[in-house]
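Everything below concerns the one structure shown next.
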Amino acid sequence: MTIETKDIERLVEATAAALELSIPQDGLPIVVEHLSVAYRMAPLVMDFPLGDEQEPAPVFTP
């Protein structure tokens, strides 16, 4: 499934308005591009097979 840039722009603008955030006009394309990348990466994460025995770590330690 693909999503159009205009749809992402509308999503960003609506979300910013709902959260009362102001995004400068020159920053909007950057936010839209980052969200576009995240949208394309999501299937890679969501489709990764995990077994039933795998659980999230309780504490992250580098």
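The values are calculated or read from the model by the stated rules, or taken from the named source; none is laboratory data. Predicted model only: the values in this text are computed from it and were never measured. Quick reminder, even Gly has a Cβ in these numbers, built from the backbone with ideal geometry, and neighbours come from all protein chains shown.
Here are the numbers for this structure:
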read-out: Residue check for Ala42: surrounded by 10 or more Cβ atoms within 10 Å (Cβ to Cβ) and either at pLDDT 90 or above or of a type in the set (Ser, Thr, Tyr) (or both); value: yes
read-out: Members of segment 1-36 found to be assigned to a helix (DSSP H, G or I), among the aliphatic types (A, V, I, L, M) and loosely packed, with under 10 Cβ neighbours inside 10 Å, listed by number; value: Ala18
read-out: Checklist (1) surrounded by 10 or more Cβ atoms within 10 Å (Cβ to Cβ); (2) assigned to a loop (DSSP other than H, G, I, E, B) applied to Ala57, failing item; value: (1)
